[in-house]
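This report concerns only the one structure given below.
The values are calculated or read from the model by the stated rules, or taken from the named source; none is laboratory data. Bear in mind the structure is a predicted one, so any value in this text is a computation, not a measurement. Cβ sites come from the backbone with ideal geometry, for glycine too, and all protein chains shown count toward neighbours. These accessible areas exclude ligands, DNA and RNA; they are computed on the full protein's heavy atoms, side chains included. Shrake-Rupley method; radii C 1.70, N 1.55, O 1.52, S 1.80 Å.
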Amino acid sequence: MRLTQQEADWLYALQRSWPLEARPLEALGRTLGVSGAALEAFIARLRAEGLVRRVGAVFDARRLGYRSCLFAIPSASPEAEEAAAHAVAALPGVTHAYFRGWPEGVTLGGVSARDYVGLPRLWFTLSARGDRFEDEIARLAHLRPIPFPALRRYKIDVVFDPRTRRRDERTEYAAPAAPRPAPLPDEAARAVVRRYQDDTADVASPFRVEDLPRLRAWQADGTLRRFALLLWHRASGFAANGMCCWRVPEAEADAFGHRLAADADVTHCYARPLMEVFPFNLYAMIHKTSWQEGFDTFLRLTREAGLPPGGKVLFSTREFKKSSVRCFVEEA
């Protein structure tokens with residue numbers, strides 16, 4: 001989709017937090033010098049082009065009593081990994097499932113798929129209510145999933161800038177600690193979550209007036225990260241999704257994590273435990289437009305952050321599932 005400079009400004013703004021007002025596009029339009037109706041028509045055009053993942057709320061599910069964890073499946077035969085990927089993607093609580101590694105037939109800087117043999121290829125994220133999480137992951141016990149919990153979160157957000165093909169520098173920074181899931185909210189609060197977590201058809205008037213005080217309070221305390229337009233990043237040109245990983249001394253992980261989090265190209269940054277099957281403990285996600293650009297970004301991050309050699313970037317070579325966490329749907 002070709003955008004004018006003005007439309008690129010609109011798309012950038014629409015991915016950030018919409019005003020929590022009865023008619024948010026009108027309020028947003030006033031800051032952009034455009035009518036709310038023009039923004040509504042622009043969103044309809046983006047939908048027709050297949051670029052919109054959804055328009056809705058992005059909640060911090062931990063504050064709603066949910067747990068989330070990254071898992072990997074041990075390396076196996078291609079046939080076994082294919083079957084495992086479909087089994088993983090079929091589980092409702094799985095939000096992301098990818099083959100990650102190195103693209104076949106591509107060599108960059110002397111690195112090729114040979115350098116990734118034996119590393120886990122299937123990675124997925126599971127989110128579920130805290131009191132049901134262990135039961136959910138047990139449904140995949142036959143695949144021997146290996147947990148890689150976030151010990152510390154340094155940065156979390158994905159807002160793409162179509163004007164520069166870079167990430168937004170004013171992103172959301174995570175608290176250093178990883179708090180335990182909060183107590184489950186009451187049914188009234190759960191109903192509000194269900195109303196706004198999926199795609200919103202009425203973008204001109206997406207909110208019930210009676211819900212606005214609660215949504216504003218949630219935004220203030222971090223439960224609501226933002227209400228906004230979310231893009232399909234691959235369809236938007238950011239096709240090279242890379243999980244950059246390094247092994248750093250535990251005592252230095254926070255210092256390195258904060259350096260990476262300050263970089264505009266990093267969308268997520270976490271400290272995770274070292275595992276024998278995957279001996280890295282610092283992770284940073286990048287989204288670029290090509291394998292070469294992604295690899296160059298990995299090398300630049302390593303160099304500029306002063307990270308030790310031996311790290312790897314695992315590109316998402318195949319996507320099996322990508323969705324948002326949906327809370328309390330089993331009770332609806």
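Quick notes on this structure:
- Filter pass, Gly109 being surrounded by fewer than 20 Cβ atoms within 10 Å (Cβ to Cβ) and under 24 Å from Pro279 (Cα atoms): yes
- Single residue of Glu79, Glu104, Glu49 found to be among the acidic types (Asp, Glu), without any contact (Cβ under 8 Å) to a residue 12 or more places away in the chain and either over 30 Å from Ala189 (Cβ atoms) or surrounded by fewer than 18 Cβ atoms within 10 Å (Cβ to Cβ) (or both): Glu79
- Taken as a whole, the condition of being open to solvent by 10 Å² or more (accessible area, probe 1.4 Å), more than 18 Å from Leu230 (Cβ to Cβ), modelled with pLDDT under 95 and not in a strand (DSSP E or B) applies to Arg2.
- For Asp211, the conditions (1) open to solvent by less than 30 Å² (accessible area, probe 1.4 Å); (2) in contact (Cβ under 8 Å) with a residue 24 or more places away in the chain all hold with the exception of (2).
- Some residue of the stretch 250-272 being at pLDDT 95 or above, assigned to a loop (DSSP other than H, G, I, E, B) and not charged (D, E, K, R): no
- Criterion: part of a helix (DSSP H, G or I), over 23 Å from Ala228 (Cα atoms) and without any contact (Cβ under 8 Å) to a residue 12 or more places away in the chain - qualifying residue of Arg30, Arg114: Arg114
- Conditions (1) open to solvent by less than 50 Å² (accessible area, probe 1.4 Å); (2) at pLDDT 95 or above; (3) farther than 30 Å from Val329 by Cβ; (4) not in a loop (DSSP other than H, G, I, E, B); number of the one not met by Gly56: (3)
- Answer residue from the stretch 5-27, given it is free of Cβ contacts under 8 Å to residues at least 60 places away in the same chain, in contact with a Leu (Cβ under 7 Å, 6 or more places away or on another chain) and not small (Gly, Ala, Ser) and is farthest from Leu224 (Cα to Cα) among those: Trp10
- Selection count, the stretch 14-32, where residues are at pLDDT 95 or above, open to solvent by 20 Å² or more (accessible area, probe 1.4 Å) and within 22 Å of Gln219 (Cα to Cα): 7
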